[in-house]
Amino acid sequence: MESNAMTTYKDTTPAARVDNKTLNKMVWRSMQLQAAFNYERMQSAGWLWAMLPGLQKIHTNKDDLAASMTHNMDFLNTHPFAVTFVMGMVLSMEQQKMDIQTIRSVRISTAAPLGGIGDALFWYTLIPITAGMTANMAIDGNMMGPILYFIIAFGAEMALRYGLMYWSYNLGTKAVSMMTAHAKEFTHAASLLGVFVVGALISNYGGGTHLGISIPNGQTVAEDGKTMVDVFINIQEYLDKILPCLIPLLFTLMCYFLIKKKNWTPTKCIGLFLVIGIVGAIFGIWGGDYTPLVPVPWNVVA
Amino acid sequence: MDFNIIECVLLAIVTFIFAIDQFSLTEIVYRPIIACPIIGLILGDVNMGLIIGGTYELMMIGNMPVGGAQPPNAVLGSVVAMIFAVKAHMDTNAALGACMIFATFGQYVVTVMFTIMSGLMAKADKAAAEANPKGITAVLNISMAGLGGLFALIAIVAYSAGVGMSDTLTEISKNASWFMGGLGAAGGMMRFVGFAILLKIMLSNDLWGYLLAGFAFALILGNIPATSSAALILVAFIGIAIALNDFLTTSKIKENAGSGMGGMSDGI
């Protein structure tokens with residue numbers, strides 16, 4: 001794990017521009033972004049696989065390639081079609097052999113917000129419109145329905161992948177060479193942005209982890225003043241009054257502490273969360289739509 | 001229901017591909033409007049495929065796989081709806097209604113797979129540390145084979161057991177709900193490990209405040225209905241302003257410190 005500690009590449013001579021053939025290969029490989037999707041690092045393995053043709057061209061030194069592959073296994077979640085924008089950006093930084101920490105920070109700061117933009121454009125706009133147009137053709141037994149659907153959706157997807165890759169790679173190459181004059185200061189600013197965005201991810205993605213304990217607490221007169229209604233004490237609502245998303249924040253900090261100070265491996269942390277999740281569900285502690293294994297004197301709510 | 005081995009094998013193969021396609025490949029072919037006619041071709045009724053596919057596709061608008069959320073699984077839903085409609089001669093709406101328990105079950109399968117595949121990340125890390133691209137390819141292939149295989153298996157079971165499966169599945173999902181609830185909760189927590197790994201490298205002691213600030217901004221923007229869907233973009237905008245300011249300030253300090261030194265040496 002020596003490469004884990006590397007903060008700069010050994011060979012810091014900027015590599016030659018990655019040729020179009022390799023860029024095209026990366027565009028096609030970007031389709032497998034989510035092939036190894038998982039809850040721990042989401043798209044990371046697919047991301048690295050898509051980046052590999054470029055990385056192998058850039059890092060001829062084996063130690064540098066190992067360092068690059070290692071940091072490209074970081075947590076990543078972005079829009080599967082817009083990902084090539086992040087790829088082009090990161091590739092241009094890799095090519096300039098920028099500080100590893102800077103690449104890491106810029107990657108997560110670019111990737112995270114793109115997810116929202118991509119979803120809004122694709123899943124909420126293009127697909128519903130296309131489906132509205134073609135679904136009725138299909139229902140009428142017209143084979144053109146599915147064919148048109150595929151051409152429009154897949155065409156838009158591939159145009160986006162190609163366009164964004166080239167645009168951001170060229171953009172990145174220009175921007176990156178400007179930044180290298182103050183490399184150390186830029187690294188600090190990029191880390192700042194990265195940490196800021198991770199903070200945002202904790203509350204933005206973490207909200208799913210919440211308590212589902214709802215304790216029945218007698219009855220009270222309803223607002224109409226006549227009927228009686230049940231009263232429940234929802235523990236999560238009380239927690240939210242102290243600090244919303246408190247549990248996601250504490251869990252992240254706990255993991256950070258275990259990994260950084262206690263040298264836990266990520267796998268060990270995952271095992272811990274499996275136990276916390278399942279044991280919690282046995283006793284009906286976590287929110288969700290399920291029945292606890294052990295009968296408990298409270299209701300489980302989502 | 002008549003059992004036809006060729007149909008069964010072909011169905012397993014396309015389900016295998018659709019299962020992978022729902023997250024990778026084209027991410028378009030698995031959509032009911034395209035998948036159902038293909039399944040219809042295998043089962044011998046393309047027209048039924050078009051009708052079910054079109055209806056299902058319209059049902060799915062507003063039920064998209066966004067933001068890491070897992071809606072009822074469209075792949076198993078399509079496969080089973082087609083089996084019910086063509087093989088058990090159910091009408092379109094009845095078949096679509098009856099397939100929903102399978103779609104929910106498919107969602108469970110995906111949750112389980114995404115949890116298990118977290119374990120593969122250790123293998124990917126090892127391959128990365130050894131600068132071994134083949135290792136990464138292997139991780140991707142294992143994941144895809146696992147997901148596709150499991151889906152294909154369920155398609156075969158659905159094909160051979162037919163409508164009778166629905167009751168068994170309902171029973172299973174009722175009895176195992178605590179386990180699935182637990183896996184779902186654990187799955188939601190695993191991203192914290194990913195965040196912690198990122199922080200391990202980026203978080204120096206002077207940046208703690210920014211972590212909390214990002215957390216706070218996302219909470220505020222995420223809880224205002226008007227901004228909630230764009231919360232991360234807005235947070236990134238704020239972050240860019242702070243980071244630019246940090247970059248310019250520290251660069252200026254360095255330049256001034258440099259000129260100060262220069263001035264002194266000039267004096268001497």
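Taken together, the values in this text are just the output of simple stated rules run on the coordinates, not laboratory data. Predicted, not measured: the structure shown is a model, and the values here were computed from it. Cβ sites come from the backbone with ideal geometry, for glycine too, and all protein chains shown count toward neighbours.
What to note about this one:
- Charge-dipole axis of chain B as Lys and Arg at +1 and Asp and Glu at -1 on Cβ define it, positive-most pick from B:157, B:222, B:15: B:222
- Residue A:232 long-range amide H proximity, modeled H, under 5 Å: A:217
- Farthest towards the positive end of the charge dipole of the protein assembly as shown, among the residues B:137, B:251, A:285, is the Cα of B:251, using unit charges on the Cβ of Lys, Arg, Asp and Glu.
- In this calculation the C-beta distance from residue B:256 to residue A:175 is compared with R0 = 30 Å, giving a FRET efficiency of 0.75.
- Taking only the alpha carbons of region A:1-111, we obtain Rg and Dmax values of 12.8, 37 Å in that order.
- Helical runs assigned H by DSSP (4 residues or longer) give chain B a calculated mean residue ellipticity at 222 nm of -26000 deg cm²/dmol, each run adding -39500 (n - 2.57) before division by the residue total.
- Positive contributions from Lys and Arg (+1) and negative ones from Asp and Glu (-1), summed over other residues with Cβ under 13 Å from the Cβ of residue B:15, come out at -2.
- What separates the Cα centres of region B:103-130 and region A:80-134 is a distance of 22 Å.
- Structural descriptor for chain A: relative contact order 15 percent, calculated from alpha carbon pairs under 8 angstrom and at least 6 residues apart.
- The alpha carbon gyration tensor of chain A gives principal lengths a ≥ b ≥ c with a/c of 1.5 or higher and a/b no greater than b/c, which makes the shape oblate.
- Shielding of A:222-229 by partner chains, average beta-carbon count, 10 Å: 0
- In order through region A:58-63: 3J(HN,Hα) via Karplus (6.51 cos²θ - 1.76 cosθ + 1.60), integer Hz, x for Gly, Pro: 7, 9, 7, 7, 5, 4
- Gap separating the Cα centres of region B:1-48 and region B:187-240, nearest whole Å: 40 Å
- Rounded to the nearest 20, the size of the Cβ-charge dipole of the protein assembly as shown about its Cα centre is 1480 debye, with Lys and Arg at +1 and Asp and Glu at -1.
- Gain on full extension, evaluated as 0.36 nm per residue between residue B:157 and residue B:171 minus their Cα-Cα distance, stands at 3.4 nm.
- Across peptide A:204-213, the average count of Cβ atoms from other chains found within 10 Å of a residue's Cβ is 5.
- Model label zone, residue B:212; criterion: amide N under 18 Å from point 7 Å along Cα-to-beta-carbon; scope region A:180-203: A:192-193, A:195-203
- Within a Gaussian network of chain A (alpha carbon springs, distance under 10 Å), most fluctuating of A:21, A:241, A:62: A:241
- A straight line joining the Cα centroids of region B:136-157 and region A:172-250 runs 34 Å.
- Candidate aspartates and glutamates - alpha carbon under 13 Å from residue B:174, same-chain residues fewer than 8 apart omitted: A:289
- Between residue B:141 and residue B:5, the modelled label-to-label distance comes to 2.8 nm, taking each label 7 Å out from Cα in the direction of the beta carbon.
- Residue ranges A:125-134, B:36-45 sort as B:36-45, A:125-134 when ordered by packing (mean number of other C-beta atoms within 10 Å per residue, highest first).
- Footprinting exposure proxy ranking of A:109, B:251, fewest other C-beta atoms within 10 angstrom first, gives B:251, A:109.
- Peptide B:47-56, shielding by other chains (average Cβ, 10 Å cutoff): 5
- Positive contributions from Lys and Arg (+1) and negative ones from Asp and Glu (-1), summed over other residues with Cβ under 13 Å from the Cβ of residue B:191, come out at -1.
- Those lysines that a straight Cα-Cα span of less than 26 Å connects to residue B:252, excepting residues fewer than 8 apart in one chain: A:97, A:174, A:184
- Packing-based ranking, highest mean first, of B:236-247, A:38-49, A:271-282, A:7-18 given that Cβ atoms within 10 Å are counted: A:38-49, A:271-282, B:236-247, A:7-18
- Dipole-positive endmost among A:156, A:146, A:167 within region A:72-214 (Cβ charges, Cα centre): A:167
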